[in-house]
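Okay, structure first, notes after.
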Amino acid sequence: MCLGVPGKVLEVNDMTALVDFWGVRKQVLLHTVDSPVAPGDYVLVHVGFAIRRIPTGQIEETLAFYETLLRTAEEDLMAADVQEEMGAGEET
Amino acid sequence: MTSKASERLEFRDPKQVQAFQRALEHLCADLKTPISIMHVCGSHEQSIARFGLRSLLPPNLQVIMGPGCPVCVTDMPEVDEAVYLAEQGVILATFGDMFRVPGTVKSLAEAKAEGADVRIVYSPWEALQIARKAEREVVFFATGFETTAVATAAVILSGPPPNLSVLSAHKYIPPVMEIVAEMPQTRIQGFLAAGHAATITGWKIFERFVERHGIPVVVGGFEPLDILSALVQLVELIRRGERRVVNAYPRCVTPEGNRNAQRLLWEVFQTESGVWRGIAYVPNGNLRLRPTYAWADARARFQIRLSEWLHDAPPRLTQECLCGNIMAGIATPYDCRLFGKECVPESPVGACMVSSEGTCRIWYEYGGHVKGPTP
């Protein structure tokens, strides 16, 4: 639960954004983000709320770690927490 | 579980891992006394255990987990309040990790089995959605550190329906670092601070801590290379006797943090002193709703009469559970007689075995990778 998850912003609608997490699309709330976001930006999301717009140029290294985790085929505690965070946004 | 864990030791860049390992060996080679570093984040522990990082450390460098699991440090009376309200007929919404944490009499899972309406949510926003559809009172039992409290604050400020209230068990990390830093048994020489909590607070918040306690702090990310790099920087600071904060996770952490989130957090919450389960009385360690938001505060809206309710409660938690010492960093799960025997994820004795961020649960899953006796 301390681990936010990065996702790519597809659309922005006032205080919500449609965010793609490796193919899983969720509505994420923007009340808590640190700076304005636009489609194409990456945000760090925690319990369904964006808490940081990840600066351009620092996205690849951020994503790589999560991809390692999500590649795990078997049950994995940490991957399950990441998937829970991905599931926290509203269904689209 | 250890063999399964060892198959997971895949690194993005093994050469860099080896370079950090050699750097740590070199830095620790001529130490006169061993070094202890504490981190305060369940996700750090998950990564350290999952990738077996402790097996890469020189024997005189110890990395221990402190009170970094918000579910684990939620005090038993806070769980009791939630169970009490659920039994009074409200819809009680909470995070999945909280569901099976033992209270004095029972857990929320047990209350649900007896007919209480307890719902698991992944976001405080989901609790608000439940309240919009429900006619009854909905109480969101809110746990987590400042990172999560920000989301709860946003929900309260978003104009929720009048039947939603919050039972806050949110905790604030900076004050507890001061408590564990002063515990004579731990002898902590450096802190690895949690990256995503610092995303909110910013890294400058630790400067006062460094000044007061003379212990360096490095803010670190969660992937193995982030953690090893932070450890190298911490050991260098300790060796040189340099007392300062280093930000080793600049892609998510800035000096000032997320000002918008801080504004929401402190608009709704204030700090209060209270007990963290198993650790201590922590001055200013709890986040409680400000009186202005009493309309959204379950403690103000309902009369919670715990003492009458608990009057006939049998002693329940086994006296042998070492959760408290484990969260204070003065014992490891391997020191506990119950670990992996009477206490397993399916039937946990202590909160550290319930939460995916609890040291016991993490070590049960991945092994602790420490030198010494294993279960």
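The values are calculated or read from the model by the stated rules, or taken from the named source; none is laboratory data. Note that the structure is a prediction, hence the values are computed from the model and not measured. Glycine also receives a Cβ, built like all others from the backbone with ideal geometry; neighbour counts cover every protein chain displayed. Only protein heavy atoms, including side chains, enter the accessible area calculation; ligands, DNA and RNA are left aside. Shrake-Rupley method; radii C 1.70, N 1.55, O 1.52, S 1.80 Å.
One table, with the values for the structure above:
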| quantity | calculated |
| --- | --- |
| Hits in the stretch B:191-204 (condition: away from chain A (no Cβ under 13 Å) and surrounded by fewer than 24 Cβ atoms within 10 Å (Cβ to Cβ)) | B:Lys204 |
| Hits in the stretch B:265-301 - residues which are among the β-branched types (Val, Ile, Thr) and open to solvent by 10 Å² or more (accessible area, probe 1.4 Å) | B:Thr271, B:Val275, B:Ile279, B:Thr292 |
| Qualifying residue in the stretch A:58-80 (condition: touching a residue at least 24 places away in the same chain (Cβ under 8 Å) and touching a Gly at 6+ places or on another chain (Cβ under 8 Å)) | no |
| When residues of the stretch B:100-117 are limited to those that are touching a Ser or Thr at 6+ places or on another chain (Cβ under 7 Å) and not in a helix (DSSP H, G or I), the one least open to solvent (accessible area, probe 1.4 Å) | B:Val101 |
| Selection status of B:Ala93, assigned to a strand (DSSP E or B) and either touching an Asp or Glu at 6+ places or on another chain (Cβ under 9 Å) or open to solvent by less than 10 Å² (accessible area, probe 1.4 Å) (or both) | yes |
| Pairs with Cβ under 8 Å, 6+ apart, first in the stretch B:113-126 and small (Gly, Ala, Ser), second at pLDDT below 95 | B:Ser123/A:Ala88; B:Ser123/A:Gly89 |
| Where B:Ser165 falls short, out of the listed (1) farther than 24 Å from B:Met76 by Cα; (2) surrounded by 24 or more Cβ atoms within 10 Å (Cβ to Cβ); (3) among the polar types (S, T, N, Q) | (1) |
| Residues (farther than 12 Å from A:Gly4 by Cα and polar (S, T, N, Q)) located in the stretch A:65-87 | A:Thr68, A:Thr72 |
| Strands (runs of 3 or more DSSP E) within chain A that include 3 or more residues open to solvent by 10 Å² or more (accessible area, probe 1.4 Å) | A:5-13, A:16-21, A:24-29 |
| Test: B:Arg259 is over 29 Å from B:Ala331 (Cα atoms) and open to solvent by less than 40 Å² (accessible area, probe 1.4 Å) | no |
| Residues of the stretch B:136-153 classified as more than 10 Å from chain A (Cβ to nearest Cβ) and over 21 Å from B:Val176 (Cα atoms), total | 6 |
| Members of the stretch B:328-349 that are open to solvent by less than 20 Å² (accessible area, probe 1.4 Å) and either modelled with pLDDT under 90 or assigned to a helix (DSSP H, G or I) (or both) | B:Ala328, B:Gly329, B:Pro333 |
| Selection count where residues are more than 9 Å from every other protein chain (Cβ to nearest Cβ) and at pLDDT 90 or above, scope the stretch A:28-78 | 13 |
| Residues within the stretch B:255-268 that are out of contact with any Ser or Thr (no Cβ under 8 Å at 6 or more places or on another chain) and within 27 Å of B:Val232 (Cβ to Cβ), tallied | 2 |
| Count - residues of the stretch B:156-195 that are touching a residue at least 60 places away in the same chain (Cβ under 8 Å), assigned to a loop (DSSP other than H, G, I, E, B) and closer than 26 Å to B:Gly257 by Cα | 5 |
| Matching residues in the stretch B:205-251 - criterion: being surrounded by 21 or more Cβ atoms within 10 Å (Cβ to Cβ), among the small types (Gly, Ala, Ser) and touching a Lys or Arg at 6+ places or on another chain (Cβ under 9 Å) | B:Gly221 |
